[in-house]
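K.L.:
Dumping the structure here so I can ask a few things about it.
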């Protein structure tokens with residue numbers, strides 16, 4: 001479509017529990033934790049929405065696994081209500097693209113369900129592709145800062161021996 005799927009996203013009820021399960025059952029890890037992430041201009045169905053995300057990410061082979069525990073207004077792009085601890089639900093596949101509008105046109109999914117900015121150069125958009133593809137598609141601007149984020153995940157995994165802790169502060173990977 002737009003290149004390889006770069007990320008497999010999951011909504012979870014508890015990051016620590018889900019990170020441990022993913023690490024022990026699949027070998028993904030270690031998960032780097034970004035607590036309280038909030039994005040500029042976050043919208044849901046075209047309206048501004050206050051939402052923060054506790055995010056953890058790790059590599060599993062050539063794919064990034066992203067675990068997301070939202071807090072704030074419900075419903076939101078991640079569901080109608082918070083999940084229970086230990087619960088995990090497939091949510092999205094993410095692609096890095098140079099032209100979000102052109103990539104979105106190929107999805108034929110209508111307007112984005114959610115938009116937000118990571119920084120001045122990077123926008124993200126979620127499109128509801130559950131009917132034709134089974135989940136949301138996230139399009140992310142392919143920029144040097146985005147590539148650095150994915151590279152960090154790969155470097156952290158390359159040096160990991162499989163031992164805990166499975167959920168680590170992002171700063172510990174710097």
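Just so it is clear, none of the values below were taken in a lab; they were calculated from the coordinates. What you are looking at is a predicted structure, and each value in this text was computed from that prediction instead of being measured. A quick note on method: Cβ atoms are made from the backbone with ideal geometry, for glycine too, and the neighbour counts reach across all protein chains shown.
K.L.:
What is the spin-label model distance, in nm, from residue 62 to residue 99 if the labels are put 7 Å beyond Cα along the C-beta direction?
P.N.:
With each label placed 7 Å out from Cα toward Cβ, I get 2.5 nm.
K.L.:
Restricting to region 7-160, what percent of DSSP beta bridges are antiparallel, rounded to 5?
P.N.:
Bridges in region 7-160 are about 75 percent antiparallel.
K.L.:
Still on this structure, please answer the following. Any chance you could run the full-extension gain for residue 108 through residue 161? It's 0.36 nm times the residue separation minus the Cα-Cα distance, nm to one decimal.
P.N.:
14.8 nm
K.L.:
Separate question: Suppose the Debye formula is applied to equal point scatterers at every Cα of region 7-160; what is log10 I(q)/I(0) at q = 0.11 Å⁻¹?
P.N.:
-0.41
K.L.:
Evaluate the distance, in nm, between pseudo-label points positioned 7 Å from the Cα of residue 120 and of residue 147 along their respective Cα→Cβ axes.
P.N.:
Those two pseudo-labels are separated by 2.0 nm.
K.L.:
What distance in nm lies between label points placed 7 Å from Cα along the C-beta direction at residue 84 and residue 47?
P.N.:
Between residue 84 and residue 47, the label points sit 3.0 nm apart.
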